[in-house]
Amino acid sequence: MPELPEVETTRRGITPYLQGESIRQVLVRQPKLRWPIPAEVMALRDAPVLAVRRRAKFLLVDMVGGQLLIHLGMSGSLRVLPNETAPGKHDHVDLLLSSGKLLRYNDPRRFGAVLWSEQPDSHPLLAHLGPEPLEQGFDGEWLAQRAAGRKQAVKTFIMDNKTVVGVGNIYAQESLFMAGIHPSRQAGRISRSRYDRLAQSIQQVLSQAIVAGGTTLKDFSRVDGQPGYFAQELMVYGRAGENCLVCATKLRAARHGQRSTCYCPECQR
DNA sequence: ATCGGGACCTGCTTGC
DNA sequence: TGCAAGCAGGTCCCGA
């Protein structure tokens, strides 16, 4: 599922329903996600929500006494529903809210996670993350500096959470197309000025996708069940064999680290 | 230190 | 029509 724009769309969607409310109780039907749901989460009772934030692809729900971390993995989604709504398949967790609504976590593949941290922002999984792409600290200078000497393909390089967070398989391909960079090019053999352009492209692609409400392919939907519309703006993702929308050259397929890649051999060098 | 590959899991599509 | 293989938006962990 979800890359940064989808997680951010979800964060914006759930915030109005959590802000000023309490989590009355947590109902767990399937505790075996990527990691087991910890006892602290199961034990939550009438806990006020202080804020809903995002770091990388984690949703962070600040509570009195700790922080709830929610990761949507590959196929996860959150919906806000009226209390008592009958659960369907893969509806693993319900957060029952003081408003009478519930926040429901659905995740067919169970690559996602619901975790707990006593201290906000101090969970081990958050410790070694790179910069947020849409905040200070991420730019071409950072990319060029980190890429120095590396032989890794640039696509794999920008999908590495230590390089920059939130860039998954869809937006990595879109960003590289926008920047005119071949996805297989070695990260250490790209000029500073091209990294400036790549950083801008990543920011532009992610920002546009957030505005569109994310990309809906299979599993992802917004909190209200509506789809996101960025799929209409994709230039290369999933289009191997079709013609480039810029130069009409036939788009090619490749693989980087077991993930499929589509690119334009003419526009991307 | 860096890199690639396997692992986790379900469901859908493709090809024989 | 049935079945197996291959693929899917993530990312941690391991061994080379």
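The C-beta contact set for segment A:240-269 (first residue among the aromatic types (Phe, Trp, Tyr), second residue outside any loop (DSSP other than H, G, I, E, B) and loosely packed, with under 14 Cβ neighbours inside 10 Å, distance under 9 angstrom, 6+ apart or interchain) comprises A:Tyr263/A:Ala253. Those residues that are part of a helix (DSSP H, G or I) and surrounded by 19 or more Cβ atoms within 10 Å (Cβ to Cβ), I need them from segment A:171-193; list them, please. Matches in segment A:171-193: A:Tyr171, A:Ala172, A:Gln173, A:Glu174, A:Ser175, A:Leu176, A:Phe177, A:Met178, A:Ala179, A:Ala187.
Could you check, for segment A:168-189, whether at least one of its residues is closer than 21 Å to A:Gly73 by Cα, modelled with pLDDT of 95 or more, aliphatic (A, V, I, L, M) and within 16 Å of the chain's Cα centre (by Cα)? Yes, because at least one residue in segment A:168-189 is closer than 21 Å to A:Gly73 by Cα, modelled with pLDDT of 95 or more, aliphatic (A, V, I, L, M) and within 16 Å of the chain's Cα centre (by Cα). All told, A:Ala127 meets the bar of being of a type in the set (A, V, I, L, M), free of Cβ contacts under 8 Å to residues at least 24 places away in the same chain and out of contact with any Ser or Thr (no Cβ under 9 Å at 6 or more places or on another chain). As for segment A:142-158, it holds no residue that is under 23 Å from A:Gly76 (Cα atoms), part of a loop (DSSP other than H, G, I, E, B) and without any contact (Cβ under 8 Å) to a residue 60 or more places away in the chain. Taken together, the residues in segment A:69-106 that are away from DNA strand C (no atom under 16 Å from the Cβ) and part of a loop (DSSP other than H, G, I, E, B) amount to 9.
Residues are listed down the side, and each one gets a yes or a no for (1) out of contact with any Leu (no Cβ under 6 Å at 6 or more places or on another chain); (2) under 30 Å from A:Leu18 (Cβ atoms); (3) not aliphatic (A, V, I, L, M):
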site: A:Arg104; (1), (2), (3): no, yes, yes
site: A:Asp121; (1), (2), (3): yes, yes, yes
site: A:Leu126; (1), (2), (3): yes, yes, no
site: A:Phe138; (1), (2), (3): yes, yes, yes
site: A:Arg146; (1), (2), (3): yes, no, yes
site: A:Gln152; (1), (2), (3): yes, no, yes
site: A:Gly166; (1), (2), (3): no, yes, yes
site: A:Met178; (1), (2), (3): yes, no, no
site: A:Ser191; (1), (2), (3): yes, no, yes
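Of the residues making up segment A:124-139, not a single one is surrounded by 15 or more Cβ atoms within 10 Å (Cβ to Cβ), over 21 Å from the mean Cα position of the chain (by Cα) and either away from DNA strand C (no atom under 13 Å from the Cβ) or not assigned by TED's automatic domain parsing to the domain that holds A:Gly65 (or both). Restricting the search to segment A:36-48, which residues are in a strand (DSSP E or B) and within 16 Å of DNA strand B (Cβ to nearest atom)? If the condition is that a residue be in a strand (DSSP E or B) and within 16 Å of DNA strand B (Cβ to nearest atom), then A:Pro36 is the only one that fits.
What residue, of A:Gln226, A:Gln208, is touching a Phe, Trp or Tyr at 6+ places or on another chain (Cβ under 9 Å), surrounded by fewer than 16 Cβ atoms within 10 Å (Cβ to Cβ), without any contact (Cβ under 8 Å) to a residue 60 or more places away in the chain and not aromatic (Phe, Trp, Tyr)?
A:Gln208
Within segment A:32-39, can one find any residue that is without any contact (Cβ under 8 Å) to a residue 40 or more places away in the chain, within 16 Å of DNA strand C (Cβ to nearest atom) and farther than 21 Å from A:Ala212 by Cβ? Within segment A:32-39, one or more residues are without any contact (Cβ under 8 Å) to a residue 40 or more places away in the chain, within 16 Å of DNA strand C (Cβ to nearest atom) and farther than 21 Å from A:Ala212 by Cβ. In the set A:Glu84, A:Glu118, only one residue is modelled with pLDDT under 95 and more than 16 Å from DNA strand B (Cβ to nearest atom); that residue is A:Glu84.
Within segment A:111-123, restricting attention to residues that are outside any loop (DSSP other than H, G, I, E, B) and small (Gly, Ala, Ser), which residue is farthest from DNA strand C (Cβ to nearest atom)?
Step one: of segment A:111-123, the residues outside any loop (DSSP other than H, G, I, E, B) are A:113-117.
In the following step, the residues that additionally are small (Gly, Ala, Ser) were identified as A:113, A:117.
Numbers: A:Ala113: 9, A:Ser117: 14 Å.
This residue is A:Ser117.
How many residues does segment A:49-61 contain that are away from DNA strand B (no atom under 16 Å from the Cβ) and either in contact with an Asp or Glu (Cβ under 9 Å, 6 or more places away or on another chain) or small (Gly, Ala, Ser) (or both)?
As a first pass, look at segment A:49-61 and keep what is away from DNA strand B (no atom under 16 Å from the Cβ): A:49-56, A:58-61.
Add one more test, that the residue is either in contact with an Asp or Glu (Cβ under 9 Å, 6 or more places away or on another chain) or small (Gly, Ala, Ser) (or both), and what stays is A:49-56, A:60.
Residues that pass the stated criteria total 9.
So which residues in segment A:140-160 are among the aliphatic types (A, V, I, L, M) and buried (at least 18 other Cβ atoms within 10 Å of the Cβ)? Within segment A:140-160, A:Leu143, A:Ala144, A:Ala147, A:Ala153, A:Val154, A:Ile158, A:Met159 meet the criteria.
The values are calculated or read from the model by the stated rules, or taken from the named source; none is laboratory data. Note that this is a predicted model, so its numbers are computed, not measured. Every residue, glycine as well, gets a Cβ built from its backbone with ideal geometry; the counts of neighbours run over all protein chains shown.
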